[in-house]
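Enquirer: Dropping a structure here in structure tokens format, bear with me for questions.
The values are calculated or read from the model by the stated rules, or taken from the named source; none is laboratory data. Being a predicted model, the structure only gives us computed values, none of them experimental. We place every Cβ from the backbone using ideal geometry, glycine too, and count neighbours over all the protein chains shown. In case anyone asks, the SASA skips ligands and DNA or RNA and just uses the protein heavy atoms, side chains included. Shrake-Rupley method; radii C 1.70, N 1.55, O 1.52, S 1.80 Å.
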Amino acid sequence: MESFLFYLFSTILLVAATAVITVRHTVRAALSLVLVFFTSAALWVLLEAEFLAVTLVVVYVGAVMVLFLFVVMMIDTNTTVLREGFTKYLPLGVLVAVTMAAEMFLALGSPGFGGMAAPAPHPASYNNVAELGSILYTQYVYPFELASVILLVAIIAAIALTFRRRPGTKYQDPARQVSVRRADCVRLVQMPAARKTPAP
Amino acid sequence: MSNLILVIWTIIKIMMVMVPLLLSVAWLPYAERKIIGYMQIRIGPNRVGPRGWLQPIADAMKLMFKEITVPASANKVLFLLSPVLCIAAALGAWAVIPFSDALVLSNCNVGLLYVLAISSMGVYGIIIAGWASNSKYSFLGSMRSTAQMVAYEISMGFALVGVVVGAGSLNLGSIVHAQQGGLFHWFWFPMLPLLVIYFISAVAETNRAPFDVTEGESEIVAGFHLEYSGMSFAVFFLAEYANMILVSMLASLLFLGGWLSPFEGVPILGEPSIFWLLLKVSFFLLLYLWFRATFPRYRYDQIMRLGWKVFIPITIAWLLLIGALVVTGWAWWNV
């Protein structure tokens, strides 16, 4: 049962991953990428890493890819321009691809990846969220904090790069809007009642 | 053989959750029309059946027999896929919702996170619907919806982190257990601002009034589902109401003690029971309808300001307070 599910999800994952780079339409490519993330989360669930799997869905499917789609839908990509110079960049592309493939062979062929047995199934009461949390906040607390600070720097940098104050823009200040009193806007004018002039 | 029995038994259990849910989804619009009617001193639907009780059946028949039109320039596959995505996300999240100590489909360790993950998938249905319709109004509607959902997911997430810190667990059942011990142990009391922010964000997440600029009849006709008709429109409608019930269910589980009784210790009334849960869910659903009858629609920039500049700072500040209570041991609930 489990191996059947594994091969099912792996097939979907590989087909979707191929679609990401071969489909011509950018929105469809982005949607295929969503499918890739979702099926890899499903594979992680098979490995009993449900916290990581759900986090993958929350972060990549729920947030990153939504913004990605948002941008992809707004811009109009011209595929003919994109395919220009295909032959010019082909040798460089092949070189990069071959290097990456060789590196992956070397890394995945190393003994660390070779004979790893499937993890023994845990009892139903086993809580890997608690395990993960206790390791993350004791043994690896400094790397974890460091990573979060780096992310914070990246966030601030991204905001600082795109933030520019335009001079002529008018803003509303809700605090001032709320604090407006009647006396600021309405003036009561006393006028003597106009008397009808008698007809001549 | 035992595998087969397990599968069939699971399907029966799924049906036991889905059938009552879909029935409530069918009758919630009727309740909405009736209640808003009474709030506006009208009678509401009263033609079909006694006091209009069969109105949902008449509506369903009408929607089923209408033609499903697909615009000529639409992307057909995605156009028909997007309502399915919406309803799948709205129903899939119910897998981990507990109804009482024993009544739970999947007692998942990361239940709360799972609900967040699955319900955040719902936004794809809306984006794709707007894009695949190939209509300006639909596209504007889905753009608005996306920006709004991304903004409010953050404040909603922070409000939920407060609950998780308070309960010390991501399992929905354990979160309810952490609130045992009476009315003031329920999380609404220590986390009142988080409850308010959670529920307002949830109203914005489900695109309901006063945050329904995605549909904004006066400017973009009907927003993302403008081009849909018949059942394909009805599925969006069902997903919206299923999401409303889901969000109300979460609010009652996380902040109002779920199936726990407010009169703990009293002989019969003090027993935890699913009826308390349903009562609390109905209360939040009533709030939804009440909002819709009361508030005018927010302006778009004000929605964004409320989400980013008001809610997120408040939730972060309250999160620190809850964290301090838990760490110092001053928390009076069952941490």
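Enquirer: For n ≥ 4 DSSP H runs only, could you compute -39500 (n - 2.57) per run for chain A, divide by its residues and tell me the 222 nm figure to the nearest 500?
Expert: The helix contribution divided over chain A gives -21000 deg cm²/dmol.
Enquirer: For the stretch B:241-269 and the stretch B:7-52, what is the centre-to-centre distance using only Cα atoms, to the nearest Å?
Expert: Taking the Cα centre of the stretch B:7-52 as reference, the centre of the stretch B:241-269 is 19 Å away.
Enquirer: Using a Cα-Cα cut-off of under 25 Å, which lysines could be cross-linked to A:Lys170, ignoring same-chain neighbours fewer than 8 residues away?
Expert: B:Lys309
Enquirer: What's the extension gain from A:Ser10 to A:Val71 if we count 0.36 nm per residue and subtract their Cα-Cα distance?
Expert: 19.1 nm
Enquirer: Relative contact order for chain B: what is it in percent, counting Cα pairs under 8 Å that are at least 6 residues apart?
Expert: Reported relative contact order: 22 percent.
Enquirer: With a/c under 1.5 counting as rounded, go ahead and sort the stretch B:1-134 into rounded, prolate or oblate using the C-alpha gyration tensor (a ≥ b ≥ c being the square roots of the eigenvalues; past the cut-off, prolate if a/b is larger than b/c, else oblate).
Expert: Note, shape of the stretch B:1-134 comes out oblate.
Enquirer: List the GluC sites (Glu not before Pro) in the stretch A:7-95 that DSSP assigns to loop (not H, G, I, E or B) and whose Cβ has at most 16 other Cβ atoms within 10 Å. Which are they?
Expert: Passing sites in the stretch A:7-95 are A:Glu48, A:Glu84.
Enquirer: Enter the mean number of other protein chain beta carbons within 10 Å of the beta carbon of each residue in B:103-113, as an integer.
Expert: Across B:103-113, the average partner-chain Cβ count within 10 Å equals 3.
Enquirer: Moving on to the next point. Assuming R0 = 45 Å, can you tell me the calculated FRET efficiency for the pair A:Tyr140 and B:Leu286, based on Cβ-Cβ distance, to the nearest 0.05?
Expert: Once rounded, the FRET efficiency stands at 0.45.
Enquirer: Based solely on its DSSP helices, what 222 nm [θ] is calculated for chain B when runs of n ≥ 4 H residues each add -39,500 (n - 2.57) and the sum is averaged over all residues, nearest 500 deg cm²/dmol?
Expert: Taking each H run of at least 4 residues, the total per residue is -21500 deg cm²/dmol.
Enquirer: Leaving out same-chain residues fewer than 8 places away, which aspartates and glutamates sit with a Cα under 19 Å from that of B:Lys76?
Expert: Qualifying aspartates and glutamates at Cα under 19 Å: B:Glu67, B:Glu227.
Enquirer: Among rounded, prolate and oblate, which fits the stretch A:1-77 when a ≥ b ≥ c are the square roots of the eigenvalues of its C-alpha gyration tensor, a/c under 1.5 means rounded, and a/b larger than b/c means prolate?
Expert: Oblate shape, in that a/c is at least 1.5 and b/c is the bigger or equal ratio.
Enquirer: Over the stretch B:1-139, with the other protein chains present, what is the accessible area per residue in square angstrom, probe 1.4 angstrom?
Expert: In whole numbers, the stretch B:1-139 has 54 Å² accessible per residue.
Enquirer: Tell me, what is the per residue accessible area of chain A in Å², probe radius 1.4 Å?
Expert: Each residue of chain A exposes 82 Å² on average to a 1.4 Å probe.
Enquirer: As I understand it, the dipole of chain B uses +1 on the Cβ of Lys and Arg and -1 on the Cβ of Asp and Glu, about the Cα centre. Which of B:Leu320, B:Val17, B:Pro296 lies farthest toward its positive end?
Expert: So the residue we want is B:Pro296.
Enquirer: Further question: If you take the square roots of the eigenvalues of the alpha-carbon gyration tensor of the stretch B:199-335 and sort them as a ≥ b ≥ c, do you get rounded (a/c under 1.5), prolate (a/b over b/c) or oblate?
Expert: oblate
Enquirer: List the accessible area buried at the contact between B and A, summed over both sides and calculated with a 1.4 Å probe, in Å² to the nearest 100.
Expert: Interface between B and A: roughly 2200 Å².
Enquirer: Using a 10 Å cut-off around each Cβ of peptide B:130-140, what is the average number of partner chain Cβ atoms that fall inside?
Expert: 1
Enquirer: Next question, about the same structure. In the calculated pair distance distribution of the protein assembly as shown, what percentage of Cα-Cα distances lie above 42 Å?
Expert: 29 percent
Enquirer: Under the definition of partner shielding as Cβ atoms of other protein chains within 10 Å of a residue Cβ, what is the mean value for peptide B:282-295?
Expert: Counting Cβ atoms of other protein chains within 10 Å of each residue's Cβ and averaging gives 0.
Enquirer: Something else now. Longest segment of chain A with no chymotrypsin sites (Phe, Trp or Tyr not before Pro) in a DSSP loop having at most 14 other Cβ atoms within 10 Å?
Expert: A:1-125
Enquirer: A further question on this structure: By a straight-distance test (C-alpha under 17 Å), which aspartates and glutamates pair with B:Lys13 as possible cross-link partners, with residues fewer than eight away in the same chain excluded?
Expert: Straight-distance partners of B:Lys13: B:Asp101.
Enquirer: Still on this model: With unit charges on the beta carbons (Lys and Arg positive, Asp and Glu negative) and the dipole taken about the Cα centre of the protein assembly as shown, which residue among A:Val57, A:Ala199, A:Leu152 sits farthest to the positive side?
Expert: Of the listed residues, the answer is A:Ala199.
Enquirer: Turning to a different aspect of this structure: When the accessible area of the protein assembly as shown is split by element with a 1.4 Å probe, what percent falls to carbon and sulfur?
Expert: Taking all protein chains in place, the protein assembly as shown shows 72 percent carbon and sulfur surface.
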